[in-house]
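> Following this message is one structure expressed as structure tokens.
The values are calculated or read from the model by the stated rules, or taken from the named source; none is laboratory data. Bear in mind the structure is a predicted one, so any value in this text is a computation, not a measurement. Note: ideal-geometry Cβ built from the backbone for every residue, glycine included; neighbour counts use all protein chains shown. Accessible surface areas use protein heavy atoms only, side chains included; no ligands, DNA or RNA. Shrake-Rupley method; radii C 1.70, N 1.55, O 1.52, S 1.80 Å.
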Amino acid sequence: MLLPWVVKKPREMLAAGLGGAAGTVVDVVALILLVDVFHAAIPASAFVASVVGAAVCFLMNKHVAFCDRSAITFEQVARFGFVAVVNAILMAF
């Protein structure tokens, strides 16, 4: 049972978790395809797969978890891109 004084919006929490899971699945599938099917280098594949998975997480959280129907702004993309690229670099090494 979720504690109501800790979890204010359980639907958002569940949807964000599912968005993270979806991003992880896309990341792993992309990595497997890039390495096993296209025979790409593992570091480059890890970088690309991480960015693709992060993009799925971003879109799922924006549109599903938080029901934000506003247009995606340059500032959002820049902040997301910075975090995604730093994460992708860390995952590649």
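> Note the full-extension length gain between V6 and V35 as 0.36 nm times their separation in residues minus their Cα-Cα distance, in nm to one decimal.
Contour length minus Cα-Cα distance gives 6.3 nm.
> Tell me, what is the percent relative contact order of region 26-93, built from C-alpha pairs under 8 Å that lie six or more residues apart?
42
> Please build a GNM for the chain, connecting alpha carbons under 10 Å apart, and tell me which residue among A40, A55, A30 fluctuates the most.
Highest fluctuation of the listed residues: A40.
> Right, another one. In region 7-93, how does Rg compare with the Kirkwood Rh, expressed as the Rg/Rh ratio over alpha carbon atoms?
Ratio of gyration radius to Kirkwood radius for region 7-93: 1.04.
> Still on this structure, please answer the following. Could you check the spin-label model distance between E75 and I89? Points 7 Å from the Cα along Cα→Cβ, value in nm.
2.4
> Let me ask another. Just the number, please: carbon plus sulfur as a percent of the accessible area of region 1-88, 1.4 Å probe, no ligands or DNA/RNA counted.
Using a 1.4 Å probe with all protein chains present, region 1-88 comes out at 78 percent carbon and sulfur.
> For the chain, set up a GNM with springs between Cα atoms under 10 Å and report which of V26, V48, V37 has the largest fluctuation.
It is V37.
> While we're on this one: Given a 10 angstrom Cα cut-off, can you work out which residue in F38, F80, F66 is the most mobile in a GNM of the chain?
Of the options given, F38 has the highest mean-square fluctuation.
> Which value, in debye to the nearest 20, gives the size of the charge dipole of the chain about its Cα centre, when Lys and Arg are +1 and Asp and Glu are -1 at the Cβ?
360
> Let me ask something additional. Kindly report the accessible area of the chain per residue (heavy atoms of protein chains, probe 1.4 Å, no ligands, DNA or RNA), in Å².
Per-residue accessible area for the chain comes out at 69 Å².
> Let me ask something else. Quick one: Karplus J couplings for region 69-74, per residue in order, coefficients 6.51, -1.76, 1.60, θ = phi - 60°, nearest Hz, x for Gly and Pro?
Running phi through 6.51 cos²θ - 1.76 cosθ + 1.60 with θ = phi - 60° gives 9, 6, 5, 6, 9, 4 Hz.
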